[in-house]
Amino acid sequence: MKNLILTLLLASSLPIGTAAQVRYEDIVKGPGADWLTYAGNYEGWRYSPLKQITPQNAGSMTAQWTYHVPDSGGLRTNPIVYKGVMYVTNSNSMHAIDARTGRLIWRYDDPQATKKGVNRGSAISGDSVYFTTTDNYLVALDRQTGALLFHKKFGDVDKGTTSTSAPLVVKDKVLVGSAGGDSGMRGFIVALSAKTGEELWRTWTVPAKGEKGSETWSDLHEWGGAGTWLSGTFDPETNTLFWTTGNPWPDFAGGPRMGDNLYTSSVLALDLETGKLKWYFQFTPHDVHDWDAQSWPVLLEIQWNGKPRKVVVHANRNGFFYILDRQTGEYLKATPLTDNITWAKGIDDKGRPVLVPGKDPTPEGNWVCPSIKGATNWMGQSFNPGTGLLYVLTLEECGMFTLSTQKPVPMKNFAGGAATEPGGQVYLRAIDPKDGKRVWEYPVGNTSRTWSGTVSTATGVLFSGDDDGHLIALDAKTGRHLWHFNVGDSLTASPITYEVDGKQYVAVAAGTNVFAFGLFEPVPSMALPKMTTTK
Amino acid sequence: MRRFIRNPVRAPLALFFLPCLALAQHGQVDLKAPDSLKNPESVAAGAKLYATSCGGCHGPEGIGGRGPNLIKRLARNIPDGELFATLRNGLPGTDMPPTSLSDDDTWKLAGYLRSISGPANQAVVPGDPANGEAVFNKAGCAGCHAILGKGSRMGPDLSNIGANKPLAAIRDALVPSKTDPSKNYQLQGAEGVKVTMKDGSTLQGIARNRSNYSLQIVDQKGDLHLVSMDKVRELQVKEGSPMPADYGQRLSATDMRDLLAYLARQSVRSAK
């Protein structure tokens, strides 16, 4: 057989696998049968044009397969699908599975990684799939066989940095963020060569001493945080990346870091080629509630004063929904995302919060809304061009914020205090992105456990997860319930949808498994092929 | 399963041997290994002790005999303290005897067992890796395996083999035991297959996965094919692993040693 394999050429081959490559233009086009980037398209829409599942037939969806991810728990991976193969990640490992059947094709593990942690997924380009290890290596694997192409370090665990987010591939660059801001680190976004992993540019999200913006820190800025632990979005027209940043450190103790603390809890617009900052907008200057800004900026064109305008919309953990000009970062509008906001009276016409005095954490504890978990979080939001609505999971919860009197020590996991999450109500809300108005809402349980995001389709079906471990389907126009399925575990990742061999699937990672669903079809009895064993 | 069967036997005996078993109790599992555990001299001394007192039962390289294959058994990574206690006290109720070695020698033995059961890149593997690389290319390994993007992707990637597998498993892949296949590690179930579809076309390569209902094949070019069994007329499966089993005869002892030294060092984390 060895010789047979080596000498005989293929008489025929199936379409999958042959010479196809993921090109930049394929990702720009947005999802079709495949799901090629974390948020579906570069603009961050999590929207699919697939039409097999509709509000009329969604009720007859059934489970198609389950894949168990060994040694996992609370999976946060967002699957990528290309040509019938699904890529899912766990801590320091990637699994390629047959997206029609859930069978494992290959698996890559890095048992030498010095840290374990959550991982939000992978990226694909050319014939490579990419993911990062928790200890900051970018790993490139051959998409078909899992063969290792390169393995390049881009960050330093000894400086408090770890990696959790899915890389974003744009043209010849793989963009990677940084995590660890709750125990002191200096955030960055780094562009690495998609071919070799070589560093092309690095933009620090906290300026160095003497650099512009460093005057917004009284001290500690070399450990100032501003992690970038969620993938960003990209505007192909202007070659601009949009990336949100995390909280300043120490999270709850503002005293040692007086000032606005740029560029924490902000959105940054960066030039793809150079990493240069085009503009920034800080949502929460001098954040003392660990709200950060980790929910990706969605790129839209809306009607503004009767004219179309390219904007960035952003649902922020601090409780407000923002509309910014995409070219300049100019503040246009903010509206409350949640009903309970006690730390600010509103947002002024420059975009700065109008603070309610006395809401900082105190040694005795201070009751503030939203809670530390935020009015929303990194769970994927989606925009549906058919309904014109943005779907965001929001949390109505308040919490106690206490201040510690101890001296902050970087990398000792000292956040400068503590915060409670007493429990609240999660609502899936449909928001009109041109004015921030709430169009409908759907309560998704009351344990505030879900970290599931959303995906919506051209037929107006919206998928998400609820607090009780159900994957749910709603009518995207009205919020009416269409379907639910109990996956038996908390949902900690966002669903996606894709198509193979003419069948539409919806997949989601939950707990220790990946599940795929599709419309019910009776399985025809199938005769097994004639099988022979040869020497 | 083994543990499950063994424990009930040990429990009543434990009461009887209480004083000498004290060390085996879980409090001692935290017992800390000396820092010298991994140093080459200590491991070499451990190897000598092993050859005289243990090899008779566990096989010359730990791959089993009257006693179990220690490399497979220790893959579950038991704590240092538990390993020490097993060596010191034996496993009452089984053939595994206690030893009267000093603490120091017992740790050296433990260090040796760790080195043979742990990843190959952490063991002391003699040989000339540069010649090993030449052998790898000459012997046609790259016709089926890739290392860091070089070579064919039909077989498993070997870029990280030294970090993923103990030396014994790598050796086994190259020189499988003919007399006792149960001692082999290599078999992960990869199969050479040839498929004839209902439309008459054919496809062949190595099956990464095969069930009654679907098949995932990587062909010689390294391209992946997803096959639904309902489209297949005939499936030919080659007996045994597609990995050639005769390198033991084809390569000289020196070349084999050097090839192992080369493979043992394949780790994506080493400074290369």
Selection from the stretch A:204-220 of residues that are within 26 Å of the chain's Cα centre (by Cα) and open to solvent by less than 20 Å² (accessible area, probe 1.4 Å): A:T205, A:V206, A:P207
Yes/no for B:E82 being open to solvent by 30 Å² or more (accessible area, probe 1.4 Å), more than 16 Å from B:A261 (Cα to Cα) and either modelled with pLDDT of 95 or more or assigned to a helix (DSSP H, G or I) (or both): yes
Subset of the stretch A:366-388 (residues that are surrounded by fewer than 20 Cβ atoms within 10 Å (Cβ to Cβ) and either touching a Pro at 6+ places or on another chain (Cβ under 7 Å) or of a type in the set (F, W, Y) (or both)): A:W367
Candidate set: the stretch A:416-440, residues that are open to solvent by less than 20 Å² (accessible area, probe 1.4 Å) and assigned to a loop (DSSP other than H, G, I, E, B); chosen: the one modelled with the lowest pLDDT: A:G416
Pick from the stretch A:339-365, criterion of a type in the set (S, T, N, Q) and in a loop (DSSP other than H, G, I, E, B), ranking: surrounded by the most Cβ atoms within 10 Å (Cβ to Cβ): A:N340
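If you take the residues in the stretch B:151-165 that are in contact with a Lys or Arg (Cβ under 9 Å, 6 or more places away or on another chain) and buried (at least 23 other Cβ atoms within 10 Å of the Cβ), which one is nearest to the other protein chains (Cβ to nearest Cβ)? Let's see the steps before the verdict.
Within the stretch B:151-165, the first condition is being in contact with a Lys or Arg (Cβ under 9 Å, 6 or more places away or on another chain), and the residues that meet it are B:152-154, B:160, B:162-163.
Cutting the leftovers down to buried (at least 23 other Cβ atoms within 10 Å of the Cβ) gives us B:153-154, B:160, B:162.
On the way: B:R153: 4, B:M154: 7, B:N160: 6, B:G162: 10 Å.
It comes out as B:R153.
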Looking only at the stretch A:62-84, and only at residues there that are in a loop (DSSP other than H, G, I, E, B) and among the β-branched types (V, I, T), the one that is nearest to the chain's Cα centre (by Cα): A:T77
Looking only at the stretch A:515-526, and only at residues there that are open to solvent by 80 Å² or more (accessible area, probe 1.4 Å) and farther than 17 Å from A:N57 by Cα, the one that is farthest from the chain's Cα centre (by Cα): A:S525
Criterion: among the charged types (D, E, K, R) and farther than 25 Å from B:I170 by Cα - qualifying residue of B:D230, B:D219: B:D230
Matching residues in the stretch A:106-139 - criterion: being surrounded by fewer than 21 Cβ atoms within 10 Å (Cβ to Cβ), part of a strand (DSSP E or B) and at the interface with chain B (Cβ under 8 Å from one of its Cβ atoms): A:D109
Of the criteria (1) among the aliphatic types (A, V, I, L, M); (2) farther than 20 Å from B:P156 by Cα; (3) free of Cβ contacts under 8 Å to residues at least 40 places away in the same chain, which one B:L226 fails: (2)
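Against the definition (within 14 Å of chain A (Cβ to nearest Cβ), modelled with pLDDT under 95 and over 20 Å from B:C144 (Cα atoms)), how does B:S267 come out, yes or no? First the steps, then the outcome.
Values: within 14 Å of chain A (Cβ to nearest Cβ): yes; modelled with pLDDT under 95: yes; over 20 Å from B:C144 (Cα atoms): no.
In short, no.
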Criterion (closer than 24 Å to A:Y82 by Cα and open to solvent by 10 Å² or more (accessible area, probe 1.4 Å)) met by exactly one of A:T497, A:T478, A:T512, A:T534: A:T512
Meets criteria (at pLDDT 90 or above, assigned to a helix (DSSP H, G or I) and not hydrophobic (A, V, I, L, M, F, W, C)) for B:S42: yes
Positions within the stretch B:214-233 being in a strand (DSSP E or B) and either within 7 Å of chain A (Cβ to nearest Cβ) or β-branched (V, I, T) (or both), in sequence order: B:S214, B:Q216, B:I217, B:V218, B:L224, B:H225, B:L226, B:V227, B:V232, B:R233
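Confirm whether A:A473 is touching a helix residue (DSSP H, G or I) at 6+ places or on another chain (Cβ under 7 Å) and among the small types (G, A, S). Reasoning before the result, please.
Values: touching a helix residue (DSSP H, G or I) at 6+ places or on another chain (Cβ under 7 Å): yes; among the small types (G, A, S): yes.
In short, yes.
Just give me the residues in the stretch B:119-144 being over 28 Å from B:L70 (Cα atoms), among the aliphatic types (A, V, I, L, M) and open to solvent by less than 40 Å² (accessible area, probe 1.4 Å), in sequence order.
Going residue by residue through the stretch B:119-144, those that are over 28 Å from B:L70 (Cα atoms) are B:130-131, B:133-144.
In the following step, the residues that additionally are among the aliphatic types (A, V, I, L, M) were identified as B:130, B:134-135, B:139, B:142.
Those that are over 28 Å from B:L70 (Cα atoms), among the aliphatic types (A, V, I, L, M) and open to solvent by less than 40 Å² (accessible area, probe 1.4 Å): B:V135, B:A139, B:A142.
The values are calculated or read from the model by the stated rules, or taken from the named source; none is laboratory data. Since the structure is predicted, the reported quantities are computational estimates derived from the model, not experimental observations. For neighbour counting, all protein chains shown are included, and Cβ atoms are generated from backbone atoms with ideal geometry for every residue, glycine included. Side chains included, ligands, DNA and RNA excluded: accessible areas come from the protein's heavy atoms. Shrake-Rupley method; radii C 1.70, N 1.55, O 1.52, S 1.80 Å.
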